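So the structure is just underneath, and the comments pick up after that.
The values are calculated or read from the model by the stated rules, or taken from the named source; none is laboratory data. Please read these numbers as outputs of a predicted model, since none were measured by experiment. Here the Cβ is made from the backbone with ideal geometry for all residues, glycine too, and neighbour counts use every protein chain on show.
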Amino acid sequence: MKESDKSLGVAVLGCGSVGSQVVRLLQEQAGDLAARVGAPVELVGVAVRRLDAAREVEVPEGLLTTDAAALVARDDVDLVVEVIGGIEPARGLILSALEHGASVVTANKALLAEDGPTLFEAAEKAGRDIYYEAAVAGAIPILRPLRESLAGDTVTRVLGIVNGTTNFILDKMDTSGAGFGDALQEAQDLGYAEADPTADVEGFDAAAKAAILASLAFHSRVTASDVHREGISEVTAADVASARDMDSVVKLLAICELRPGADGGEDAVAVRVHPAMIPRSHPLASVREAYNAVFVESEAAGQLMFYGPGAGGSPTASAVLGDLVTVARNRLAGTRGAGESAYAARAVLSMGESRTRYHVAIDVDDRAGVLATVALAFAEHDVSIQTVRQEGRGDDAQLVVVSHEATDAQLSATVAHLRTMDIVRDVTSVMRVEGVAE
């Protein structure tokens with residue numbers, strides 16, 4: 001380890017929208033960073049795919065390299081910042097950096113959600129840090145509060161809007177009445193959505209973040225494959241309008257919660273990502289455009305909410321630099337921060353065991369006895385109805401049913417039953433309802 005009167009060498013892997021801002025901040029705030037860390041923090045190399053690519057910031061001559069593997073193995077590299085994303089080569093580079101004695105700061109949500117334990121074990125073996133605040137919700141400090149500030153509390157639920165693209169789309173559908181396609185096109189025109197928006201609109205991005213949040217909140221290993229995932233591409237303008245009629249909005253939510261285990265056994269973890277209706281009175285309902293927010297419930301602290309820009313080069317770089325300062329301080333002090341906490345090793349419930357409320361829109365024949373027959377179908381699967389609204393439309397009618405809390409398996413069985421009934425022309429919409437006390 002270097003002495004405090006010597007500089008700490010930093011290697012940055014990737015120089016895209018986030019990496020370029022990390023490079024800029026390292027240069028512009030060098031004096032302040034040295035004062036905060038207790039030693040100069042010196043940028044010694046930036047790994048890129050192409051040396052001649054256009055960049056948002058000017059990288060000092062001689063620092064660019066296409067040989068990332070050689071960079072992380074250098075003796076003068078004490079800290080590695082990984083912002084290239086994806087699984088490989090990021091995983092191999094991080095493992096190599098740790099093996100060669102560097103501490104790591106990463107924003108790689110996909111890798112952490114798929115293979116976080118391998119990284120944490122490598123860091124433990126090397127006696128080095130791996131920090132990753134920037135992997136979830138951009139500039140919003142949410143992972144460190146879960147890992148440190150709430151370490152003495154019992155977190156029971158984490159409910160979040162953790163993808164700015166989908167929040168922008170759903171917000172536009174709510175405020176303008178636009179359909180999904182038009183709202184997506186506007187998001188792409190404004191740069192909020194990629195040309196291929198699949199990772200965002202189908203919920204893959206949010207699912208990776210949900211796995212990380214659940215792992216930290218409940219001290220258990222949760223991977224992206226454990227997360228039930230549904231995107232927003234099937235959300236219609238009619239769904240959004242129906243939510244508005246209930247004084248609610250539709251949001252893509254990442255939901256992580258503790259639930260009683262089978263037969264009253266040990267608590268288990270339920271993790272899911274899907275669109276849901278939430279009342280406009282709920283704090284998350286006011287989260288507009290591309291912003292993110294995470295709502296945390298715990299036994300002692302009660303309800304906490306973290307809000308801010310959830311993506312973008314500069315906001316994400318802010319979170320990276322915050323981790324970098326902490327890791328650098330630990331390096332100087334000869335210590336390391338808290339590693340993985342997975343002691344609880346709780347089981348992860350299947351989606352069928354998850355419980356919530358439901359909004360179901362059903363096109364039916366408009367004749368006597370239909371409502372009673374539909375209600376009986378719900379009762380047969382132990383799904384209790386809270387409210388029902390009927391609208392006549394000539395020869396047919398629409399029933400809008402809002403249930404009390406039930407398991408996903410019960411609701412799925414109810415919907416399957418409804419679709420076999422002669423009086424039911426179509427089940428046009430099934431959407432979960434969150435944020436409402438029973």
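So the values come out like this:
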{"item": "Within segment 230-266, tally of residues that are in a strand (DSSP E or B) and of a type in the set (Lys, Arg)", "result": "2"}
{"item": "Members of segment 169-214 that are touching a residue at least 60 places away in the same chain (Cβ under 8 Å) and at positive phi", "result": "Gly177, Gly203"}
{"item": "Residue identified as aliphatic (A, V, I, L, M), modelled with pLDDT of 95 or more, part of a loop (DSSP other than H, G, I, E, B) and surrounded by 18 or more Cβ atoms within 10 Å (Cβ to Cβ) among Val383, Val360", "result": "Val383"}
{"item": "When residues of segment 279-329 are limited to those that are in contact with a Pro (Cβ under 8 Å, 6 or more places away or on another chain) and part of a helix (DSSP H, G or I), the one surrounded by the fewest Cβ atoms within 10 Å (Cβ to Cβ)", "result": "Gly322"}
{"item": "Within segment 155-187, tally of residues that are among the polar types (S, T, N, Q) and either crowded, with 16+ Cβ neighbours inside 10 Å or touching a strand residue (DSSP E or B) at 6+ places or on another chain (Cβ under 6 Å) (or both)", "result": "5"}
{"item": "Filtered residues of segment 386-404 (kept if charged (D, E, K, R) and surrounded by 15 or more Cβ atoms within 10 Å (Cβ to Cβ))", "result": "Asp396"}
{"item": "Whichever residue in segment 386-407 is more than 21 Å from Asp422 (Cβ to Cβ) and outside any strand (DSSP E or B) and, among such residues, is farthest from the chain's Cα centre (by Cα)", "result": "His404"}
{"item": "Unique residue being without any contact (Cβ under 8 Å) to a residue 24 or more places away in the chain and at negative phi when the list is Val388, Val400, Val433", "result": "Val388"}
{"item": "Condition met for Ala338 (in a loop (DSSP other than H, G, I, E, B), outside the structural domain of Ala243 (by TED's automatic domain parsing), within 17 Å of Ile142 (Cα to Cα) and in contact (Cβ under 8 Å) with a residue 40 or more places away in the chain)", "result": "yes"}
